[in-house]
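Visitor: This is the structure I have questions about; it appears just below.
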Amino acid sequence: MSFPKDFLWGGAIAANQYEGAWLEGGKQPNVTDVLVGIMSRQPGIAWNDETKKYELKLDPDKVYLSHEAVDGYHRYREDLKLMKGMGFNSFRTSIAWGRIYPNGDEEEPNQEGIEFYRDMFRCMRELEMEPVITLSHYETPLHLVTEYGGWRDPRLIEYWKRYVTTVFREFSDLVHMWLTFNEVNNAFRIPLVAAGVLTVNDPKDPSDPIGSTTNQDIWDAYHNILVANAWTVKIGHEICADNQVGCMLTSSNVATYPYNCDPQNVFGALETQRMANFYFGDPFCLGIIPTYLNKVWKKQGVTVVFTEEERELIRKYTVDFFSFSYYRSGTYDAEFEMSGDTGGLTGRTNPYLKDKAPEPWKWPVDPEGIRYTLNVLYDRYHLPLYIVENGVGLDEDLDENGEIHDTFRCHYIDEHLRNVHKALEDGVDCRGYLYWGPIDVVSAGTGEMKKRYGFVYVDRFNDGHGTLERRIKDSYYHYKEIIESNGEVLLKEE
Ligand code: BGP
């Protein structure tokens, strides 16, 4: 048995890490534009004591690489051709909300933004690649955050509905696969980007905006995002019957293993899975708001009330598929703090995992974790699954011949895909593997160029210099071979 006939093979990127042109074509800043890395706790905004509002104030000593990124805004045609060169039949990117509604709360969309994405999606279709489009990949317009506190304010539901209605109307002839909120289940770890939320009414310490964001505001954002997600499914289906709307959650922590069989650790692992993933996954996929949240809310002293109409909406408009990122597993031990970054929470070192990525990031490598994750998600939701992010970031330089021999990356992909295949044999309905990120882009977590995931190298560096020239790495040919054989080449070698 090989991979399914219509399996999606491709790669994934995001507008904010790829396009650059942060103020071109009518776009206004979004939340990632003010951060050097989404894990950073110091956004480039400052409190104005007169207006009692935050306003844009970038740090002149920092290099905001994402502002130019890898210039995808001007180069997507050539880049997409490079992707096609590997045989991609699908490609994931996001629409930067701020290209369509620059401040988020306008009545009318920005035509230039619409034209830009229309051409990009048309180009994907010409190259016979299925566009897989994220509606919000950490890209809430900054104005919505500084003016309203972002998703804590229910008015965002209306602005969001306007935005998604526009893009569904404009692009449903070209795009049928839509992902709602990228990794929104990171809401508590990185509230500003993942949940687009900030406490703007009387923040505790305005010089520490992220630290001043209250749990109540994050839960209000949770509430409003669940409602908005349901509206997205409803509107998407109404505008075009071919539209498939899925959620996108970081699911590295679905694979949270108890460190041992101590019942405390087993239950702790379960609680980590819940609060790192299922608290969003269950409402999105099953239409239910988990009852264990009542205890969490009580403990945190917050009030979260869904009206009967909202519950009904969430129950009725569940997603069509589940898409997710998987980078590594975590290991729960009650004695250790679970901490992490964009790859997920790790906890205690897992003694059974022998492999890890090289310095300096050293993310543990657990290919069997992807099989486990696929099985857990399928058992729970019985929905088509798409892996829309999996990959490895490496510190790479061209050798004396101008080449990059990224054997570690090839090995990483092989092992993960073999486990995807095992999950297929287990009976899981997994329909695609979109590698993160097939061309070097600005890293999400640390905002640098040095951390490269690409099959295609981009000449740009942490200090901002570089020609932006593209070069092919060894992994390009490797992935091409896998795709050409529909994965069979991996199974022969097993
Ligand atoms: C995910 C994000 C991506 C991405 C990837 C790798 O969390 O959805 O945007 O970049 O992680 O993370 P990083 O770039 O920090 O290595």
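Visitor: When the Kirkwood hydrodynamic radius is evaluated over all pairs of different C-alpha atoms of segment 446-485, what value in angstrom, to one decimal, is obtained?
Guide: Details: mean 1/r = 0.0884 Å⁻¹.
Kirkwood radius, segment 446-485: 11.3 Å.
Visitor: I would also like to ask the following. Which whole number of Å³ per residue matches the convex hull of the alpha-carbon atoms in segment 1-95? Kindly include the intermediate steps, with their values, before the conclusion.
Guide: Values: hull volume 14.5 nm³, N = 95.
Measuring per residue, one finds 153 Å³ for the Cα hull of segment 1-95.
Visitor: For Cys240, what is the net charge nearby, where nearby means another residue's Cβ is under 12 Å from its Cβ and Lys, Arg count +1, Asp, Glu -1? Walk me through the numbers before you get to the answer.
Guide: On the way: positive: Arg169; negative: Glu170, Asp173, Glu238, Asp242.
Value of the local net charge: -3.
Visitor: Roughly what % antiparallel, to the nearest 5, for the DSSP beta bridges in the chain?
Guide: Beta bridges within the chain, antiparallel portion: roughly 25 percent.
Visitor: Hey, if you drop one equal point scatterer on each alpha-carbon of segment 369-494 and run the Debye formula without solvent, what base-10 log of I(q)/I(0) do you get at q = 0.11, 0.18, 0.23 Å⁻¹?
Guide: -0.44, -0.97, -1.30
Visitor: To the nearest 500 deg cm²/dmol, what mean residue ellipticity at 222 nm is calculated for the chain from DSSP H runs of n ≥ 4 alone, each contributing -39,500 (n - 2.57), summed and divided by the residues?
Guide: Working: 16 runs with 179 residues, N = 494.
After summing the helix terms and dividing by the residues of the chain, the value is -11000 deg cm²/dmol.
Visitor: Near Asp217, within a Cβ-to-Cβ distance under 12 Å, what is the net charge of the other residues, with Lys and Arg +1 and Asp and Glu -1? Don't skip to the answer; put the middle values down first.
Guide: Numbers: positive: Arg152, Lys204; negative: Asp153, Asp202, Asp220.
Taking every other residue near Asp217 into account, the sum is -1.
Visitor: Tell me, what does the Kirkwood hydrodynamic radius of segment 124-178 come to in angstroms if you use every pair of distinct C-alpha atoms? Mind showing how you got there, number by number?
Guide: Details: mean 1/r = 0.0781 Å⁻¹.
Result for segment 124-178, one decimal place: 12.8 Å.
Visitor: A further question on this structure: If you keep only loop residues by DSSP, which chymotrypsin sites (Phe, Trp or Tyr not before Pro) in segment 104-200 have at most 14 other Cβ atoms within 10 Å of their Cβ?
Guide: Values: sites: Phe116, Tyr117, Phe121, Tyr138, Tyr148, Trp151, Tyr159, Trp160, Tyr163, Phe168, Phe171, Trp178, Phe181, Phe188; in loops: Tyr138, Trp151, Phe188.
Counting only loop positions with at most 14 other Cβ atoms within 10 Å, none of the chymotrypsin sites (Phe, Trp or Tyr not before Pro) in segment 104-200 qualifies.
Visitor: How big, in percent, is the set of alpha carbon pairs in the chain lying more than 29 Å apart?
Guide: Values: 56741 of 121771 pairs.
Value for the chain: 47 percent of Cα pairs lie more than 29 Å apart.
Visitor: Semi-axes of segment 219-336's equivalent ellipsoid from the Cα gyration tensor, sqrt of 5 times each eigenvalue, largest first, rounded to whole Å?
Guide: Working: eigenvalues 171, 71, 18 Å².
Semi-axes, largest first: 29, 19, 9 Å.
Visitor: With just the Cα atoms defining each centre, how far is segment 335-355 from segment 134-212? Give it in Å.
Guide: 29
Visitor: Report the accessible area of Glu469, computed with a 1.4 Å probe over the heavy atoms of all protein chains in place, in Å² rounded to the nearest 10.
Guide: 90
Visitor: For a quick check of your reading of the filter: which trypsin sites (Lys or Arg not before Pro) in segment 155-231 sit in a DSSP loop and have no more than 11 other Cβ atoms within 10 Å?
Guide: Numbers: sites: Arg155, Lys161, Arg162, Arg169, Arg189, Lys204; in loops: Arg189, Lys204.
Qualifying residues, ordered by number: Lys204.
Visitor: Show which lysines lie in cross-link reach of Lys480 when reach means a straight Cα distance below 23 angstrom and same-chain residues fewer than eight apart are skipped.
Guide: Straight-line reach from Lys480, under 23 Å: Lys5, Lys81, Lys84, Lys422, Lys451, Lys492.
The values are calculated or read from the model by the stated rules, or taken from the named source; none is laboratory data. This is a predicted model, so every value here is computed, not measured. Please note: Cβ atoms are built from the backbone with ideal geometry, for glycine as well, and neighbour counts cover all protein chains shown. The accessibility values were calculated without ligands, DNA or RNA, using every heavy atom of the protein model including side chains. Shrake-Rupley method; radii C 1.70, N 1.55, O 1.52, S 1.80 Å.
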